[in-house]
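Colleague: Pasting a structure here, questions to come.
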Amino acid sequence: MQVLGEFGFRLKTETMASASTPTYNSNNLENNSSKNASRESLRMEPLADVPQLPGEERITDKDIIYICPFNGAVKGKVSITNYRLFFKSFEVDPAMTLDVPLGVISRIEKMGGASSRGENSYGLDITCKDMRNLRFALKQEGHSRRDIFELLFRYAFPLSHSLQLFAFLSQEKFSENGWNVYNAILEYRRQGLPNNKWRITFVNEQYELCDTYPTVLMVPFKAPDEDLRKVSAFRSRNRIPVVSWIHPVNQAVIMRCSQPLVGMSGKRNKDDERYLDTIREANGQTAKLTIYDARPNVNAVANKATGGGYEGEDAYQNAELVFLDIHNIHVMRESLKKLKDIVYPQVEETHWLSSLESTHWLEHIKLVLAGAIQVADKLSSGNSVVVHCSDGWDRTAQLTSLSMLMLDSYYRTMTGFQVLVQKEWISFGHKFSSRIGHGDKNHADADRSPIFVQFIDCVWQMTKQFPTAFEFNELFLMTILDNLYSCRFGTFLYNCESVRDNMEVKEKTVSLWSMINSENGKYINPFYTKESSRVLYPVASMRHLELWVSYYIRWNPRIRQQQQNPVEQRYMEMLALRDQYLKKLEELQISDSPRIANNSNSPASPTQLVHHVQTPL
């Protein structure tokens, strides 16, 4: 067990088994001479209790000083493996540790030079993707940081150095196979599809129609594959409107796609116009098809200059267009940067509310939630909708998945949420590799953006407003985000299914859901109450939204967030106590089975007998 200690980092409360001394990973260095030089300069005395996963190999150990932003300089040893950076202090009792997967690292910079003056002015600055920065100081003589910088840079950004991501080196085994969680045809069948209005098409089986879409698509029954090919030519990245979800009662559907290629000249495409009308006709209750464009109006107009645009009323007379004013990936990236500035390393105390407001983070959360509420409400009233942004893989995924979460209680279960993520984000081509920058040194890449983090934040907001409606707890969401960056699993690697197939991700890596489903007890919300038909409408108001403190500010020791809600913790203790009584009762039943057999042909089960036992519950 690990808990947050005085310094806000994981403090060991149990003695870890000492790892055997590893051999130096010479295969990953250019030549033997550099290996020997590194071995000499980096002092390979092993740090005995570094945790290691199957397939993880130690690269180096080195005495170093961690410049803790809360407690000053702390002497210790850093160990670098092909998966993590692990620091353990020498003089602090209990020991301070840092355990940072290398995939979390966004940037590594040298601090100071050989002639720098001042104590601890020479070393490394490490910027992480999970809201924290790390600073380490080394001795100035003998270029002591050169080798550790080069090795850390090499293994933190393996794709920039022709190395494999750790997920392909991991040898972890779990009792559950997370790759089996999602099957597109089975999920459509759960929804009641296909039917006489909607059909499955395999026109994209070889990714010929759209290289960022999955192979299985749900389309109008009346739309032949030839029409789909014509429509794809008029949609950005060939991402045609396809079914994400169908209402079980009124049969209204959520369609997702990308923007039409209208351009400055206002081009029209009769096949696209007819296709959207076919979507409208498939549900007789839809007098007008509502198209939700996630962008601000001005952005959609500006996209015309680059060949994009939106569905004009003249061309799409049986549709109404609604702009949802959600900003693009660049605005979201800058917003999160501003949030990081006010929460790490020091929390802005004197003007906290105005500082938080200036980041606009909660305002963006509000707009995403408000847009999803509009989609869900339109579906509930019996009207089909089409949802898109520019290319249909960022804001579109946010809106479709959140509205489905509101409408369908299945997605609020642990398995159902995994299906939702696999379907709307992974299968339909959210660009995880570009947005997160897995294994890539280009930290200033304009494609990076916290779109998926923002989605999980919206889910967390819903769990706060509806604490009994979700089967999973906060730890589940935080585990997903931590492994979004870690590169320990193959789940979030690469930009789309076609690339994952080519890289054989399912065959060569482990799914995050394998780990979660093999130990799902700790991710369960004990207050969960199953309600099959309830639609959730969260309040998308700044007065009701909160900053997710236990995620964004968890590295700050002055934020005294408890690891677990005390009520939830007590409830879990009661459940454990109940299980103990059931076990004792079962043992008593077994020992008394001859007597029970004489009195009854069918012995009662422990759960049937439990009401006879007096417990302190």
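Colleague: Which one of Q465, Q454, I524 has its Cα pushed farthest toward the positive end of the charge dipole of the stretch 430-567, where Lys and Arg give +1 and Asp and Glu give -1 at the Cβ?
Modeller: It is Q465, whose Cα lies furthest towards the positive end.
Colleague: Let me spell out the model: positive unit charges on the Cβ of Lys and Arg, negative unit charges on the Cβ of Asp and Glu, origin at the Cα centre of the chain. What dipole size does that give, in debye rounded to 20?
Modeller: The calculated dipole for the chain is roughly 260 debye.
Colleague: Need one number: convex hull volume per residue for the chain, Cα atoms only, in Å³.
Modeller: Numbers: hull volume 123.9 nm³, N = 617.
Per residue, the Cα convex hull of the chain comes to 201 Å³.
Colleague: GluC sites (Glu not before Pro), restricted to the stretch 188-235: which are DSSP loop and have at most 13 other Cβ atoms within 10 Å?
Modeller: Those that pass, being in a loop and sparsely packed, are E205, E208.
Colleague: While we're looking at this one, here's another question. Please give every one of the aspartates and glutamates within straight-line cross-link reach of K270, meaning a C-alpha to C-alpha distance under 13 Å, and leave out same-chain neighbours fewer than 8 residues apart.
Modeller: Excluding near neighbours in sequence, the set is D227, E311, D314.
Colleague: Along each of the three principal axes of the Cα atoms of the stretch 184-294, give the extent in whole Å, ordering the values from largest to smallest.
Modeller: Each principal axis gives a Cα extent; for the stretch 184-294 these are 42, 36, 26 Å.
Colleague: Hey, can you find the accessible area per residue of the stretch 490-539 for me, probe 1.4 Å, expressed in square angstrom? Can you show the working numbers first?
Modeller: Details: 2390 Å² over 50 residues.
Ligands and nucleic acids excluded, the figure is 48 Å² per residue.
Colleague: Rolling a 1.4 Å sphere over the protein heavy atoms, what is the accessible area per residue of the stretch 239-320, to the nearest Å²?
Modeller: 40
Colleague: What does the charge count around N299 come to, taking other residues whose C-beta lies under 12 Å from its C-beta (Lys +1, Arg +1, Asp -1, Glu -1)?
Modeller: Values: positive: R295, K304, R395; negative: D293, D325.
Around N299, the surrounding residues sum to +1.
Colleague: Give the separation of the Cα centroids, the stretch 153-225 to the stretch 323-400, in Å.
Modeller: Cα centroid to Cα centroid, the span is 26 Å.
Colleague: Okay, next question. Express in whole angstrom the spacing between the alpha-carbon centres of the stretch 438-491 and the stretch 55-96.
Modeller: Going from one Cα centre to the other spans 26 Å.
Colleague: Would you mind estimating how fast the stretch 422-463 diffuses translationally, via Stokes-Einstein at 25 °C and 0.890 mPa s with the Kirkwood radius over Cα pairs, in µm²/s?
Modeller: 215
Colleague: Could you state how much accessible area T509 has, in square angstrom rounded to the nearest 10, with a 1.4 Å probe and all protein chains kept in place?
Modeller: 10
Colleague: Provide the gained length on full extension for the span D63 to D125, in nm with one decimal, where the gain is 0.36 nm per separating residue minus the Cα-Cα distance.
Modeller: On the way: separation 62, 0.36 × 62 = 22.32 nm, distance 1.63 nm.
Gain on extension, D63 to D125, equals 20.7 nm.
Colleague: Another question about this same structure. With Cβ to Cβ distances under 15 Å as the rule, what net charge do the other residues near L289 carry (K, R +1; D, E -1)?
Modeller: That sum, taken over residues with Cβ under 15 Å, equals -1.
Colleague: Right, next: Just to confirm a number: summing +1 for Lys and Arg and -1 for Asp and Glu over residues other than T479 whose beta-carbon lies under 12 angstrom from that of T479, what do you get?
Modeller: Taking every other residue near T479 into account, the sum is -1.
Colleague: Could you provide, to the nearest whole Å², the per residue accessible area of the stretch 67-218 with probe 1.4 Å? Display every interim value, and only then the final one.
Modeller: Working: 6730 Å² over 152 residues.
Heavy-atom accessible area per residue stands at 44 Å².
Colleague: Among L193, F174, Q206, which residue has its Cα positioned farthest towards the positive end of the charge dipole of the stretch 166-209, with +1 placed on the Cβ of Lys and Arg, -1 on the Cβ of Asp and Glu, and the dipole taken about the Cα centre?
Modeller: In the stretch 166-209, that residue is L193.
Colleague: With a cap of 10 neighbouring Cβ atoms within 10 Å, and only residues DSSP puts in a loop, list the trypsin sites (Lys or Arg not before Pro) found in the stretch 515-547.
Modeller: Hits after loop and neighbour filter: R543.
Colleague: While we're looking at this one, here's another question. So which helices of the chain fit the span-like rule, where a helix is a whole DSSP H run, its Cα atoms reach 27 Å or more along the axis, and its mean Kyte-Doolittle is at least -0.5? Don't jump to the answer; show the numbers that get you there.
Modeller: Values: long enough: 361-380 (29 Å, 0.72); 566-591 (38 Å, -0.63).
Those that clear 27 Å and a mean of -0.5 are 361-380.
Colleague: Which one, V375, M332, F428, is farthest towards the positive end of the dipole of the stretch 330-432 when Lys and Arg carry +1 and Asp and Glu -1 on their Cβ?
Modeller: It is F428.
Colleague: Please work out how much length the chain gains when fully extended from N133 to A446, using 0.36 nm per residue of separation minus the C-alpha to C-alpha distance, in nm with one decimal.
Modeller: Details: separation 313, 0.36 × 313 = 112.68 nm, distance 2.06 nm.
Between N133 and A446, full extension yields an extra 110.6 nm.
Colleague: Restricting to DSSP H runs of at least four residues, report the calculated mean residue ellipticity at 222 nm for the chain, -39500 (n - 2.57) per run over all residues, nearest 500 deg cm²/dmol.
Modeller: -10000 deg cm²/dmol
Colleague: OK, next. What shape does the stretch 238-321 take by its C-alpha gyration tensor, where a ≥ b ≥ c are the square roots of the eigenvalues and a/c under 1.5 counts as rounded, a/b above b/c as prolate, and the rest as oblate?
Modeller: Here the stretch 238-321 falls in the prolate category.
Colleague: Could you work out the per residue convex hull volume over the alpha carbons of the stretch 44-193, in cubic angstrom? Mind dumping the intermediate values first?
Modeller: On the way: hull volume 25.9 nm³, N = 150.
So the per-residue Cα hull volume is 173 Å³.
Colleague: 7 Å from Cα along Cα→Cβ at both R558 and T350: what's the point-to-point distance in nm?
Modeller: Taking the two extended label points, one gets 1.3 nm.
Colleague: Would you work out what percent of the accessible area of the chain, with all protein chains in place, is carbon or sulfur (probe 1.4 Å)? It would help to have the intermediate numbers written out before the result.
Modeller: On the way: 13250 of 27660 Å².
Roughly 48 percent, rounded to a whole number.
Colleague: With a 1.4 Å probe and all protein chains kept in place, how do F90, F136 rank by accessible area, largest first?
Modeller: F90, F136
The values are calculated or read from the model by the stated rules, or taken from the named source; none is laboratory data. Since this is a predicted model, take the numbers as computed values, not measurements. Cβ coordinates were reconstructed from backbone atoms using ideal geometry, including for glycine residues, and neighbour counts include every protein chain displayed. Ligands, DNA and RNA are stripped out before the accessible areas are found, and what is left, the full protein with its side chains, is counted by its heavy atoms. Shrake-Rupley method; radii C 1.70, N 1.55, O 1.52, S 1.80 Å.
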